[in-house]
Amino acid sequence: MLKGKVLISGVSLILVVGVVIGVVVIVKNNNGPTESPEVQAHQKQVKAICQDTEDPKLCYDTLKKVKPANGTDPKAYIAASVQSIAESVIKSVNMSDRLVVEHGKDDKKGLKMALDDCKDLMEFAMDSIEASINMVQNNNIQAVHDQSPDFRNWLSAIISYQESCMDGFEDGKDGEEKVKEQMHTESLDVMGRLTGIALDIVTDMTKILQEFDLKLDLKPASRRLLAEEIDDEGFPTWFSATDRHLLAKGKGKTGQGPKPNVVVAQDGSGQFKTIKEAIDSYPKDLKGRYIIYVKAGVYDEYILIPKKSANILMYGDGPAKTIVTGRKCFRDGIKTMHTATFGIKSV
């Protein structure tokens, strides 16, 4: 069932990519004696874009698929680069899911844990590439340029997920090294290289766009400092009015916190005695915030919040009163990803 779900999500992503990147087609080489001026200009643009990337040959092989007629549109090259990553991420997702099934009956806890982690990480990578696709799809090249800091963050996250997947395998133990090499050779290596190329292109976007001689405002895009994103009330500028109202109730000495949907209390005075039970009660198709109040106490549990439970607001009685703790560590045979007190599930 899980495998089918992953495959369906991969197909859906391919369909989205197809819509976004309709300009990308394979260029047929007719081995003619000369190339048309249009093709020559296209090849020149590709070489200019790829020359400063970490893998110019792979970059050229990827971007040469752009139709020459669209060669004057820099967005077409960015779209082609994003498409290549999307395809490699889908392959990595499906491969990690296949390996989970293949080794599901193995009596090797470390290997199964590493594979499960890889599958989760590749799902997170899909989220990042979907965000990149949506950004390219819904914006003109000026807006893509202006949002390049976010673009770089999404691409950097994919590389981080790839590296974390590889780091989860312990060399020379329980066959983990062999599976790690298989993952690296058959999917993750190419995925990382393609993402690195896209990251180079986005990082150098200002210089690249100057080559296209477009009338754009090409001031280098940069992320604002955190201090500039905090308003006079101490909230992030992107906070909605509803969230401001909720959090304002907990500010100051007399603040009692927003009215909770559920209360967690070890003494039985709330609906639940554990945080996990409260999270599991998250309503399906909820609109708005699901507010969980955790009363004072030491909660010895590990919290995994599903992605679908995206609107949880949780608060307690203060850092010295409401404490969540745990004792998992790597030396006990637990992979690092599983030692966090709070985490997010990929599904």
key: Hits in segment 261-316 - residues which are touching a residue at least 40 places away in the same chain (Cβ under 8 Å), touching a helix residue (DSSP H, G or I) at 6+ places or on another chain (Cβ under 9 Å) and not hydroxyl-bearing (S, T, Y)   = G288, R289, I291, I303, L304, I305, P306, K307, L313
ask   = Among the residues of segment 63-75, which ones are surrounded by fewer than 24 Cβ atoms within 10 Å (Cβ to Cβ) and in a helix (DSSP H, G or I)?
value = P68, A69, N70, P74, K75
note = Taking segment 101-118 and keeping residues touching a residue at least 40 places away in the same chain (Cβ under 8 Å) and either more than 21 Å from A157 (Cα to Cα) or aliphatic (A, V, I, L, M) (or both) leaves V101, H103, D106, K108, K109, G110, L111, M113, A114, L115
inquiry  = So for segment 195-210 (the condition being at pLDDT below 90, loosely packed, with under 13 Cβ neighbours inside 10 Å and of a type in the set (D, E, K, R)), does at least one residue qualify?
reply    = no
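Going by the conditions given, is V144 touching a His at 6+ places or on another chain (Cβ under 9 Å) and in a helix (DSSP H, G or I)?
no
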ask   = Can you tell me which of D97, D127 is among the charged types (D, E, K, R), buried (at least 22 other Cβ atoms within 10 Å of the Cβ) and in a helix (DSSP H, G or I)?
value = D97
request  = Might you let me know whether segment 81-88 holds any residue that is modelled with pLDDT of 90 or more, more than 30 Å from V39 (Cβ to Cβ), in a helix (DSSP H, G or I) and assigned by TED's automatic domain parsing to the domain that holds K180?
outcome  = no
task = Answer with yes or no whether M113 is in contact with a His (Cβ under 8 Å, 6 or more places away or on another chain), assigned by TED's automatic domain parsing to the domain that holds T53 and surrounded by 17 or more Cβ atoms within 10 Å (Cβ to Cβ).
result = yes
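Just wondering, is there one or more residues in segment 103-112 that are under 22 Å from the mean Cα position of the chain (by Cα) and assigned to a helix (DSSP H, G or I)?
First, pick out the residues of segment 103-112 that are under 22 Å from the mean Cα position of the chain (by Cα): none.
Checked segment 103-112: no residue is under 22 Å from the mean Cα position of the chain (by Cα) and assigned to a helix (DSSP H, G or I).
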query = What number of residues within segment 290-306 are crowded, with 16+ Cβ neighbours inside 10 Å, of a type outside the set (A, V, I, L, M, F, W, C) and under 32 Å from the mean Cα position of the chain (by Cα)?
reply = 4
query = Which numbered condition trips up L246, out of (1) part of a loop (DSSP other than H, G, I, E, B); (2) at pLDDT below 75; (3) surrounded by 11 or more Cβ atoms within 10 Å (Cβ to Cβ)?
reply = (1)
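The values are calculated or read from the model by the stated rules, or taken from the named source; none is laboratory data. Values in this document were obtained by computation on a predicted structure and should not be read as measured data. Methodologically, a virtual Cβ is constructed for each residue, glycine included, from the backbone with ideal geometry; neighbour enumeration extends over all protein chains shown.
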